[in-house]
Amino acid sequence: MSTIQLIKSDYSKYKKYGGNFFSIVFLTQGFWAIFQYRIANYFFRNLKLVGVRQLILFILLLWKKGIETCAGISIPCSVEIGHSFYIGHFGGIIINTNSKIGNNCNFSQGVTIGVSGIGENRGVPTIGDNVYIGANAVVSGKIYIEDNVLIGACSLVNSNAEANAIYLGVPAIKISNRGSKEYI
């Protein structure tokens with residue numbers, strides 16, 4: 001998908017959850033963050049001209065820092081995020097620069113996608129499609145969260161999560177096979 005198509009898919013997801021153009025574009029901090037990320041990611045991936053690349057990425061970094069300060073959402077330009085990404089509430093969202101997030105995912109406030117582990121197990125998560133991550137959840141380590149997973153609020157996921165399951169607790173354990181369908 002092109003950057004414009006990705007922005008449109010994100011906007012459509014926000015529209016699905018309610019709101020009009022004005023409220024989504026001007027009043028929704030999650031949309032600000034994903035919009036800024038899409039623009040920065042485009043230049044990060046496509047601009048190769050030395051000097052110009054550094055200048056534009058620096059300007060985009062300042063824009064990102066403004067959003068971090070205002071909204072508390074940090075999405076580095078090097079992250080890979082699929083289409084239709086939705087941040088339900090603003091504040092306290094941190095995504096590691098090497099993370100990979102699939103299509104049609106929802107994050108609530110306070111979510112951290114981070115690095116953890118030691119030795120060859122050190123790394124960051126890869127998150128599949130249609131994943132819902134509840135408020136204040138932490139997903140960390142060189143793990144894979146498969147498709148259609150729901151991670152409950154205040155959970156710590158530090159091991160692989162199988163598809164179509166619900167995980168809850170510290171550390172998170174599988175509690176159901178209902179998945180994320182009703183949350184996405």
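Counting just the residues of segment 73-93 that are of a type in the set (Ser, Thr, Tyr) and more than 17 Å from residue 62 (Cα to Cα), which one comes out nearest to the chain's Cα centre (by Cα)?
Residues of segment 73-93 that are of a type in the set (Ser, Thr, Tyr), as a first pass: 74, 78, 84, 86.
So of that shortlist, the ones also more than 17 Å from residue 62 (Cα to Cα) come out as 84, 86.
Numbers: 84: 10, 86: 8 Å.
It comes out as 86.
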For segment 108-124, does any single residue satisfy the condition of being buried (at least 23 other Cβ atoms within 10 Å of the Cβ), within 22 Å of residue 176 (Cα to Cα) and not aliphatic (A, V, I, L, M)?
-> no
When residues of segment 132-167 are filtered for being among the β-branched types (Val, Ile, Thr) and more than 13 Å from residue 113 (Cα to Cα), how many remain?
-> 2
Restricted to segment 94-110 and to residues being over 8 Å from the mean Cα position of the chain (by Cα) and outside any loop (DSSP other than H, G, I, E, B), the residue nearest to residue 164 (Cα to Cα) is 100
Being of a type in the set (S, T, N, Q), in a helix (DSSP H, G or I) and more than 20 Å from the chain's Cα centre (by Cα) narrows it down to one of 54, 5, so name that one.
-> 54
State which residue pairs qualify: first residue in the same structural domain as residue 98 (by TED's automatic domain parsing) and inside segment 117-130, second residue among the charged types (D, E, K, R) in any location, beta carbons under 6 Å apart, and separation of 6 or more residues or different chains.
-> 117/142; 121/142; 123/142; 126/100; 128/146; 128/147; 129/147; 130/147
Which of (1) part of a loop (DSSP other than H, G, I, E, B); (2) modelled with pLDDT of 95 or more; (3) out of contact with any strand residue (DSSP E or B) (no Cβ under 6 Å at 6 or more places or on another chain) does residue 182 not meet, given it meets every other one?
-> (2)
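Table: residues versus (1) assigned to a loop (DSSP other than H, G, I, E, B); (2) modelled with pLDDT under 95.
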position	(1), (2)
120	no, yes
129	yes, no
135	yes, no
139	no, no
142	yes, no
147	yes, no
154	yes, no
Find the residue count for segment 53-105, including only residues that are of a type in the set (Lys, Arg) and modelled with pLDDT under 95.
-> 1
Of the candidates 39, 59, 24, 34, the one satisfying the condition of being farther than 23 Å from residue 156 by Cβ and more than 18 Å from the chain's Cα centre (by Cα) is 59
Screening 66, 91, 18, 30 for residues that are surrounded by fewer than 16 Cβ atoms within 10 Å (Cβ to Cβ), small (Gly, Ala, Ser), outside any loop (DSSP other than H, G, I, E, B) and out of contact with any Lys or Arg (no Cβ under 8 Å at 6 or more places or on another chain) leaves only 66
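The values are calculated or read from the model by the stated rules, or taken from the named source; none is laboratory data. Being a predicted model, the structure only gives us computed values, none of them experimental. Ideal geometry is used to build each Cβ from the backbone, glycine not excepted, and the neighbour counts take in all protein chains shown.
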